[in-house]
Each structure stands twice: as structure tokens, then as C-alpha cells.
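Only one structure is covered here, and it is reproduced in the block below.
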Amino acid sequence: MSFPVVGRPAAAAHALSKVYGSGAAAVTALDRVDITFEAGRFHAIMGPSGSGKSTLLHCLAGLDRPSSGSVWIGDTEITRLDDRRLTRLRRDRIGFVFQRYHLLPTLTAEQNLTLPLTLAGRRVDTEWLAQVVAVVGIGDRLRHRPSELSGGQQQRVALARALITRPEVIFADEPTGNLDSRTGAEVLRLLREAVDRFQQTVVMVTHDPAAASRADRVVFLADGRVREELLRPHVDTVLATMAQLTGAPVGR
């Protein structure tokens, strides 16, 4: 599978709404969101707590069903898929990196990172595996189990697992949230390299302005709606935009 052409829509939402509960207890997490994420770019999603950023990511990734509207991965409208086809699409065309690493404790690092291929019954491309392992720097840890790896090493395995299927999009939900600042910066560098070297598409939710500044574009949500957008962001402009949304200064 080849990567999508840079500049084409890799993921998109149209009039996307998500409501939890009903009646007087209903909470609108997303309110008719229209947004497109171009292929071959590093996108960040930010916003105050409760703004809908994680809900948006989960709907885009097919992990949650919207209340209305549509979600597209490439030219496929995933909101029309039944559970079986949606599961196959997530396995074959989407990569995931979460705050928690979700590695299977009984498998080695190599078995964990090739697990999506194993589940799909696909052959491991040894040349691509070698490239991925070299990029994320875990060549000397492939035979180790998760309990024998540091948090940063486990997140490297999770990133390698996200890359191994050559997905159309990698969705990353607070991927540095469990890491110290130095290790978190290294994970962000690896995500940046995946975009620059492999033309991968990354859509990342983060609360960290420094992390968002590594992206090509930052989208800001508030009250379930897209409020602002920055291209080629700098940490200072990210901080200033967040301050405008929250009505309070945001320190470095």
C-alpha cells in the first residue's frame, strides 16, 4: 500500500455532531464541525478541557459513532460502514498512537509492532520493517517484552506499530502525556520524521503548546466548534491563541 498523495484529503468531517445523553441531560460535544486534514502533513488539535478535541479524533478514527454528519478517510465515507467493514478499515488504513501504549504484555516488541499485519493475515515486508525499526530506534529491543522497556521505548514500539501497515492516517491522542519532557520531545521528533521522511499524515490531539508547535497546522476547538487555525505555528502564537479561547493567559 502506498501513501496518499500529499495535499489530498486524508481525513475529513462534514457537519459532524456528537451528542451524549438526551433531553435536559444532553451534552453537545461536537456541533456541526466541518474540517479537512491534508495528506502528508502534521496536524495538531488543541482546545480547552471539554472542547471536543478527543471526541473529534475518536469520530475521525472510527472509534466513536457521530450523532449526525459524515466522516471520510480518503474517498471512503466511514460513517456508512457496518461494524465489520469499519473494523477492517481501522486495521488496514489507520494507525493509532495513544497516551497509554496498549502493548500486549506476553508479546515481544517485534510481535507487538507487527500485530496488525498478523491479524490481517498479511506478510511482513522485511525491508519496510527494517526501515521503521531504524527510524524509531528500537533495533536492540525487538526481543524484549513491554515490562522490560521504558515508557519511551514502549511508545516507540507503539509508533512503529502505527507505521507498519503504511496507513493513510496516524491518529495520536496525547502521545506524550505519560512521558517526561525529554522523552516526549523525542516522540514528537519521530512523528515529525514520519511526516517528512515517509509523507505520513498525522492528526494529533495535545494540550501542550510546545508539542503543537511541531505540527504544520494547529486547529483550535472550543464548545464543540472549530474556532481558530494556525499554519506553521510557533509556540508563542499557540499560547496566544489558547489564551484568547480561554480568556486567561497560558504560560509556557
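What to note about this one:
- Taken together, the residues in segment 189-205 that are within 14 Å of M46 (Cβ to Cβ) and in contact with a Pro (Cβ under 8 Å, 6 or more places away or on another chain) amount to 1.
- As a summary of the residue check, G184 satisfies the conditions (1) within 26 Å of P9 (Cα to Cα); (2) at pLDDT below 95 except for the one numbered (1).
- When residues of segment 173-198 are limited to those that are within 13 Å of the chain's Cα centre (by Cα) and under 15 Å from D216 (Cβ atoms), the one surrounded by the fewest Cβ atoms within 10 Å (Cβ to Cβ): R192
- Any chance L16 is at pLDDT 95 or above, farther than 30 Å from N112 by Cα and surrounded by 22 or more Cβ atoms within 10 Å (Cβ to Cβ): yes
- Screening segment 77-87 for residues that are outside any strand (DSSP E or B) and acidic (D, E) and picking the one that is nearest to H207 (Cα to Cα) gives D83.
- Entirely in segment 153-252, the strands (runs of 3 or more DSSP E) that have 3 or more residues that are touching a residue at least 12 places away in the same chain (Cβ under 8 Å), in contact with a helix residue (DSSP H, G or I) (Cβ under 9 Å, 6 or more places away or on another chain) and more than 23 Å from D125 (Cβ to Cβ): 202-205, 217-222, 225-231
- Segment 115-147: number of residues that are outside any loop (DSSP other than H, G, I, E, B), of a type outside the set (A, V, I, L, M, F, W, C) and in contact with a helix residue (DSSP H, G or I) (Cβ under 9 Å, 6 or more places away or on another chain): 4
- The residues of segment 231-248 that are among the hydrophobic types (A, V, I, L, M, F, W, C) and either exposed (fewer than 13 other Cβ atoms within 10 Å of the Cβ) or within 16 Å of P48 (Cβ to Cβ) (or both), listed by number, are L231, V238, L239, A240, M242, A243, L245, A248.
- Residue in segment 5-24 that is touching a Lys or Arg at 6+ places or on another chain (Cβ under 6 Å) and either closer than 30 Å to H144 by Cα or basic (K, R) (or both) present: no
- Residue match in segment 33-42 (condition: modelled with pLDDT of 95 or more, of a type outside the set (F, W, Y) and in contact with a Leu (Cβ under 7 Å, 6 or more places away or on another chain)): yes
- Top-ranked residue of segment 44-76 - restricted to ones that are buried (at least 24 other Cβ atoms within 10 Å of the Cβ) and in contact with a Phe, Trp or Tyr (Cβ under 6 Å, 6 or more places away or on another chain), ranked as farthest from V205 (Cα to Cα): G47
- For segment 90-111, the criterion of a residue being of a type in the set (G, A, S), surrounded by 15 or more Cβ atoms within 10 Å (Cβ to Cβ), in contact (Cβ under 8 Å) with a residue 40 or more places away in the chain and over 30 Å from D223 (Cα atoms) is satisfied by at least one position.
- A single entry from L129, L115 fulfils the requirement of being touching a residue at least 40 places away in the same chain (Cβ under 8 Å) and either under 30 Å from V219 (Cβ atoms) or surrounded by fewer than 20 Cβ atoms within 10 Å (Cβ to Cβ) (or both): L115.
- The set of residues from segment 139-153 being in contact with a Leu (Cβ under 8 Å, 6 or more places away or on another chain) and either aromatic (F, W, Y) or under 18 Å from R192 (Cα atoms) (or both) comprises just one member, G152.
The values are calculated or read from the model by the stated rules, or taken from the named source; none is laboratory data. Keep in mind that what you see is a predicted model, and the values were worked out from it rather than measured. Virtual Cβ from ideal backbone geometry, glycine too; neighbours counted across all protein chains shown.
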